[in-house]
Amino acid sequence: MPTRRAVLAVALTLLAAAGCSGSSSGDEQAAQNTLVVSTFPFGVKEFEQAVVDPFTKKTGIKVELDTGSNADRLSKLKLAKGEPEADVVLISDYFAALGQKDGLFEKVDVPAMKELAPFATEGAYDGPAYTHQLNGVIYNTDKLTKEQAADWQLFGNAAYQKKVALPDISVTAGQLMISGVGEAYGKGPYDIDASLRTLAGWAPNVLQFYSSTTEVTNLLSQGEIVAADALSGFATQLVTSGEPIAWTAPAKGRYMATNRAMIPKGARNQDGAKTFIDYLLSAEAQSATAKIVGDLPVNPKADIPPDIAKVTGEAAKDPVAAGYKTLDPAQLVDTRDAWVKRFTREVAGK
């Protein structure tokens, strides 16, 4: 017959086990009610206002934002080796493609994807686009007409020597520009030889190959340049502030980039991640991000704010109808390093 001390020991052991079980369940529940979203370091407060706060109010799921550059966040994901901190990664298409090559992402399938424009769900990516960026020309309307600005030859025109700027290949607009020039002066968007040869001819005319939004807006505002190849989002604030600034699509060679919503393999809260992405793609969230963040929507049911419509017109709602195309990541991932070196040596270094 067991002693009183032995019975007490068993009881304490069972009580401790029950306590551990309850703690584990509580931790699991807390994890399901919290989501880590990896995103860009700019516009964070606006993104919280447009998406995060309404999402939490609607679902009860708290969202923690982890910010950083595309490259830094992708590196962090690689180092995690299947145990990522992030449940959702919002990242540009090129870096999404790099991550896919290394097998870092799950295939995303959520109900709202059925509402999106076809380019947002093309099969080249594991996750849908949640916004797009149009490449074109931002220009001074006191110095140039829309037709002049839309002609790529503007950047080689001696009448505007050292009065124009072009993006470095390191920024999103850089690859879109290279592909646009390749189409306009070569055999297509991946004709790197024709593109670099053309850009090299323009290089002595170019004041600066920029690598940040601030550089472009400052150069324009201070009157140092009359035009620059740039994403449409660069122009919104300047145009709406009353500056003599406008933006136009190029006459030929119109390309756009996308930012994708991805779920890392091994994400701890995949159900919550899918719920978040589904909300991010809804007409409600897409309208809010367009209005508050300035993102171009991929859901055709979203509202386009007047300030964005003033800059891009119908291209904001239907870029494909306006002649815009996306680039095939399979054509860019393996060639990227070589193209960067060539651009630096053959164009920017001149």
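Overview of values
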item: Per-peptide average of other Cβ atoms within 10 Å, ordering 37-50, 246-259 highest first; result: 246-259, 37-50
item: Compactness of the chain as Cα Rg over 2.2 N^0.38 Å, two decimals; result: 1.20
item: Two-decimal log10 I(q)/I(0) for the stretch 63-131, as the Debye equation yields it once each C-alpha is a single scatterer, q = 0.18, 0.21 Å⁻¹; result: -0.72, -0.95
item: Residues of the stretch 205-350: accessible area per residue with a 1.4 Å probe, Å²; result: 42
item: Equivalent ellipsoid, the stretch 159-295 (semi-axes from 5 times Cα gyration tensor eigenvalues, Å); result: 33, 21, 13
item: Cβ-based charge dipole, the chain, positive-most Cα from THR258, LEU144, ALA309; result: THR258
item: Where labels lie 7 Å past Cα in the beta-carbon direction, separation of ALA159 and LYS101 in nm; result: 4.3
item: SER221/ASP303 FRET efficiency (R0 30 Å; Cβ-Cβ; nearest 0.05); result: 0.55
item: Alpha-carbon Rg with Dmax, taken over the stretch 83-215, Å; result: 18.3, 56
item: Extension gain from THR34 to ASP334, taking 0.36 nm per residue of separation minus the Cα-Cα distance; result: 104.4 nm
item: With every protein chain in place, the chain: carbon and sulfur % of accessible area (1.4 Å); result: 52
item: Long-range amide H partners of TYR255 with built H, under 5 Å; result: ASN135, LYS325
item: Mean separation of Cα contacts under 8 Å (6+ apart) over length of the chain, as relative contact order %; result: 25
item: If the convex hull is drawn through the Cα atoms of the stretch 217-296, its volume per residue in Å³; result: 147
item: Dipole of the stretch 153-231, positive end: most advanced residue of GLN161, PHE209, SER221 [Cβ charges, Cα centre]; result: GLN161
item: Axial C-alpha extent at least 18 Å, average Kyte-Doolittle at least -0.5 - helices from the chain (DSSP); result: 4-32, 172-185
item: Note, ³J(HN,Hα) from phi for the stretch 323-331, Karplus 6.51, -1.76, 1.60, rounded to Hz, x at Gly and Pro; result: x, 8, 10, 9, 9, 7, x, 4, 7
item: Potential lengthening between ASP193 and LYS341 on full extension [0.36 nm per residue; Cα-Cα distance subtracted]; result: 52.0 nm
item: Distance (nanometres) between label positions extended 7 Å along Cα→Cβ at GLN237 and THR141; result: 2.0
item: Projected area averaged over orientations for the stretch 296-341, convex hull of C-alpha atoms, nm²; result: 4.7
item: Candidates ASP318, ASP168, ASP271, ranked by Gaussian network fluctuation over the chain, Cα under 10 Å, top entry; result: ASP271
item: Amide proton proximity set for ASP295, modelled H, under 5 Å, gap of 5+; result: ALA290
item: Cα-based Lys proximity count in the stretch 146-270, under 25 Å, for pairs eight or more positions apart or on separate chains; result: 6
item: Low-density loop positions, trypsin sites (Lys or Arg not before Pro), the stretch 55-122 - DSSP coil, at most 14 other Cβ in 10 Å; result: LYS81, LYS107
item: Only Lys, Arg (+1) and Asp, Glu (-1) charged, at Cβ; the chain dipole about Cα centre in debye; result: 480
item: Amide H partners (placed H, <5 Å) of GLU64, local residues excluded; result: LEU35, VAL36, VAL37
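The values are calculated or read from the model by the stated rules, or taken from the named source; none is laboratory data. This structure is a prediction, so every number in the text was calculated from the model and none was measured. All Cβ positions, even for glycine, are placed from backbone atoms using ideal geometry, and neighbour counts span all protein chains on display. Please note that ligands, DNA and RNA were not included when accessible areas were found on the heavy atoms of the full protein model with its side chains. Shrake-Rupley method; radii C 1.70, N 1.55, O 1.52, S 1.80 Å.
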